[in-house]
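S.K.: Let me begin by handing over the structure; questions about it come next.
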Amino acid sequence: MEIDKLENWRRTHYSDQIDLETLEGKEIIVCGWIKQTRDLGGLKFAILRDNFGEVQITFPKAKLDEKLFDKANSLRNEMPVAIKGIVKIDKRSPTGFELIPTDLKLLNNVTANLPLDPTYKVKADLDTRLDNRILDLRSTQAHATFIIRHKVTTAIRQFFVNRRFIEINTPRIIATATEGGTELFPIAYFEKEAFLAQSPQLYKEQLTTVFDKVYEIAPIFRAEEHSTTRHLNELMMVDIEMAFCNYNDVMNVLENLIHYVISDVKNNCDKELNILKSDLQIPKLPFKRYTYTETLELLAKNGYELSWGDDIGTDASRKLGSIISGPYFITEWPSEGKPFYIQSRADKPEISESFDLMYGWIELASGGTRVHEKEILIQRLINQGLTPSSFDFHLKVFDWGMPPHAGWGLGLARLVMVLTGKQNIREVVVFPRDRTRLTP
Ligand code: ATP
Ligand code: MG
């Protein structure tokens, strides 16, 4: 097959911009990929897919130049093409119109055997889909998932901009572990020891002393060995930190953000939610808040016993998810087990000013009031077996006017998972990184 040059051809319309009232009978140019073809002898059909929908292309032998009609024989699934043609209303087409070509450019070839069928008519398992992710993303379902993810990130930014937060970018290459070293990926950094960031925690706290309210949307890296349906080794975190407030204030921000994002997706992603057969509900504000102690009582009432101080593990979380649906907070966790920078309650030091945001059984976010007094922070570091001197770069900022502050970190993929109803986090990350997957 001869490959055509693009030359001066440019798309005039995306598939969802073809307004039949003004364009019927007019010539337009569409660009995209061939989704499928059908050959009825004297009549050939092709479906062209672009990022916003599909266009039916009809090739009637009787009406077309012979060379153009023959050229349609070379169309293959997933081939990139540009088609010049006349818009014609036709009720039989799934979109209510068809394009009758006047010219056609085949812009690249496609090997005969695709490893995956993006129409999902031939089903593929998740590994095969991830191995051939680019083809998989062209499926209506995977595509819809990532359009929703795009909407989620856009809405998150809008929310923070509306509330006068400042977007920050903290380093991904760091010298000290935020919370001890077990989950860190070491890297070769010239003659020094360095790691990939597992959290922007310390930097975002420092930046509240300048910008008051900050947020960051960035990748973090965790060397967690286990393989689950909700953990990856590289993930996007949405982090905030706010000066002059405590854990209750940042919980308010978090529930308002979740409400804003879900409303935005619900109102603007009808098509995608339908494709995913999602019955997403906009949650009511405020979200339910259970203290850790109340959560244990709730579990006990439902036949799941934990002792005060125990972590609420996967099984217990699943139990909770069967009792409570949608988003809710678990607040005031035991101080022991919380990172060194989490503030304890003044009246009951065994309880911390912390929270997790849950959605059913899945943890979406963790946060709390931070320690802002240097001496207490140093004591906490020592108690947790960490070396204060390796945190000098951080501790010195506490001498320069550190305000009381609080914040949280939200796993972006976990949020997209619950919004799209996906059961595996790998479904909502374009190129996931887990214990065994490093390509593509
Ligand atoms: P979990 O208990 O679910 O492993 P965590 O408490 O260790 O999470 P945090 O340090 O609280 O995680 O991180 C904040 C948020 O980041 C979590 O609530 C979660 O949404 C997300 N997150 C953390 N680790 C991962 C991971 N390995 N993969 C995907 N998301 C993660
Ligand atoms: Mg957590």
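The values are calculated or read from the model by the stated rules, or taken from the named source; none is laboratory data. Everything quoted here is computed from the prediction, not taken from an experiment. Cβ coordinates were reconstructed from backbone atoms using ideal geometry, including for glycine residues, and neighbour counts include every protein chain displayed. Calculation scope for accessible area: heavy atoms of the full protein, side chains included, ligands and nucleic acids excluded. Shrake-Rupley method; radii C 1.70, N 1.55, O 1.52, S 1.80 Å.
S.K.: Can you give the charge dipole size of the stretch 121-240 about its Cα centre, rounded to the nearest 20 debye, using +1 on the beta carbon of Lys and Arg and -1 on the beta carbon of Asp and Glu?
M.R.: The calculation lands at about 820 debye.
S.K.: Bins of 5 Å, beginning at zero and ending with the bin holding the largest distance: percent of Cα pairs per bin for the stretch 296-351, please.
M.R.: 4, 16, 26, 22, 16, 13, 3
S.K.: How far, in nm, would the chain grow between residue 164 and residue 137 when pulled straight, counting 0.36 nm per residue and subtracting the alpha carbon separation?
M.R.: Separation in residues times 0.36 nm, less the Cα-Cα distance, equals 6.2 nm.
S.K.: Give the separation of the Cα centroids, the stretch 91-170 to the stretch 303-342, in Å.
M.R.: Each part reduced to its Cα centre gives a spacing of 37 Å.
S.K.: Size of the stretch 373-414 along its principal axes in angstrom, Cα-based, largest extent first?
M.R.: 35, 26, 17
S.K.: Evaluate E = 1/(1 + (r/R0)^6) for residue 291 and residue 256, where r is the Cβ-Cβ distance and R0 equals 22 Å; express this FRET efficiency to the nearest 0.05.
M.R.: Here the calculated transfer efficiency is 0.55.
S.K.: When only C-alpha pairs under 8 Å and at least 6 residues apart count, what is the relative contact order of the chain, in percent?
M.R.: Taking the mean separation of contacting Cα pairs over the length of the chain, I get 13 percent.
S.K.: Here's something else I'd like to know. Given Cα pairs under 8 Å that are at least 6 residues apart, what percent is the relative contact order of the stretch 106-163?
M.R.: Reported as a whole number, the value is 24 percent.
S.K.: Pop a pseudo-label 7 angstrom from the Cα along the beta-carbon direction at both residue 302 and residue 3 and give the gap in nm to one decimal.
M.R.: Output for this residue pair reads 5.7 nm.
S.K.: Let me ask you something else. Run through the DSSP bridge list for the chain and note the antiparallel percent, rounded to the nearest 5.
M.R.: Percent antiparallel among DSSP bridges in the chain is about 90.
S.K.: Counting only protein heavy atoms and using a 1.4 Å probe, what share of the accessible area of the stretch 1-72 belongs to carbon plus sulfur, as a whole percent?
M.R.: So the carbon and sulfur contribution to the accessible surface is 48 percent.
S.K.: Say each of residue 84 and residue 314 gets a label point 7 Å from the Cα, pointing the same way as Cα to Cβ; how far apart are those two points in nm?
M.R.: 5.9 nm
S.K.: With angles folded into 0 to 90 degrees, how steeply does helix 140-162 sit against the dominant principal axis of the chain? Use alpha carbons for both and round to 10.
M.R.: 50 degrees
S.K.: Next up: How tilted is helix 374-383 with respect to the longest principal axis of the chain? Cα atoms for both, answer in degrees (0 to 90, nearest 10).
M.R.: Roughly 90 degrees, rounded to the nearest 10.
S.K.: Hey, what's the Kirkwood Rh for the stretch 128-187 if you take every pair of different alpha carbons, in angstrom?
M.R.: Hydrodynamic radius (Kirkwood, Cα pairs) of the stretch 128-187 is 15.4 Å.
S.K.: Also, I was wondering about something else. Given axes a ≥ b ≥ c from the Cα gyration tensor, I'd like to know whether the stretch 123-270 is rounded (a/c under 1.5), prolate (a/b larger than b/c) or oblate.
M.R.: oblate
S.K.: If the chain between residue 150 and residue 270 were fully stretched, how many nm would it gain, using 0.36 nm times the residue separation less the Cα-Cα distance?
M.R.: 41.8 nm
S.K.: Mind checking the angle between helix 247-268 and the chain's longest principal axis? C-alpha axes, 0 to 90 degrees, to the nearest 10.
M.R.: Between helix and principal axis, roughly 10 degrees.
S.K.: Quick one: plug the Kirkwood hydrodynamic radius of the stretch 36-136 (C-alpha pairs) into Stokes-Einstein at 37 °C, 0.692 mPa s, and report D in µm²/s.
M.R.: 221 µm²/s
S.K.: Can you give the calculated 222 nm mean residue ellipticity of the chain, where each DSSP H run of n ≥ 4 adds -39,500 (n - 2.57) and the sum is split over every residue, rounded to the nearest 500 deg cm²/dmol?
M.R.: -8500 deg cm²/dmol
S.K.: Computing the accessible area with a 1.4 Å probe over protein heavy atoms, can you report the carbon and sulfur percentage for the stretch 185-269?
M.R.: So the carbon and sulfur contribution to the accessible surface is 53 percent.
S.K.: Alpha carbon centre of the stretch 196-252 versus the stretch 1-59: separation in Å?
M.R.: Their Cα centres are 45 Å away from one another.
S.K.: Under a 1.4 Å probe, what is the accessible area of the chain per residue, stated in Å²?
M.R.: 50 Å²
S.K.: Arranged from highest to lowest average of other beta-carbon atoms within 10 Å per residue, in what order do the peptides 230-240, 71-81, 165-175 appear?
M.R.: 230-240, 71-81, 165-175
S.K.: Cα gyration tensor of the stretch 182-250, axes a ≥ b ≥ c as square roots of the eigenvalues: rounded (a/c below 1.5), prolate (a/b > b/c) or oblate?
M.R.: oblate
S.K.: Normalised by the residues of the stretch 349-440, what does the relative contact order come to in percent, with Cα pairs under 8 Å and at least six apart?
M.R.: So the answer I get is 26 percent.
S.K.: Another one. Equivalent-ellipsoid semi-axes (√(5λ), Cα gyration tensor) for the chain, whole Å, largest first?
M.R.: 52, 23, 21
S.K.: Dipole of the chain, Cα-centred, from +1 at each Lys and Arg C-beta and -1 at each Asp and Glu C-beta, to the nearest 20 debye?
M.R.: The calculated dipole for the chain is roughly 1500 debye.
S.K.: Between residue 348 and residue 14, how high is the FRET efficiency from 1/(1 + (r/R0)^6) when r is the Cβ-Cβ distance and R₀ = 41 Å? Nearest 0.05.
M.R.: Result of the calculation: an efficiency of 0.10.
S.K.: Additional query: Once you have a ≥ b ≥ c as the square roots of the Cα gyration tensor eigenvalues for the stretch 293-440, tell me rounded if a/c is under 1.5, and otherwise prolate or oblate according to whether a/b is larger than b/c.
M.R.: The shape class here is oblate.
S.K.: Using a Gaussian network model of the chain whose springs link C-alpha atoms within less than 10 Å, name the residue from 203, 359, 304 with the highest mean-square fluctuation.
M.R.: Of the options given, 304 has the highest mean-square fluctuation.
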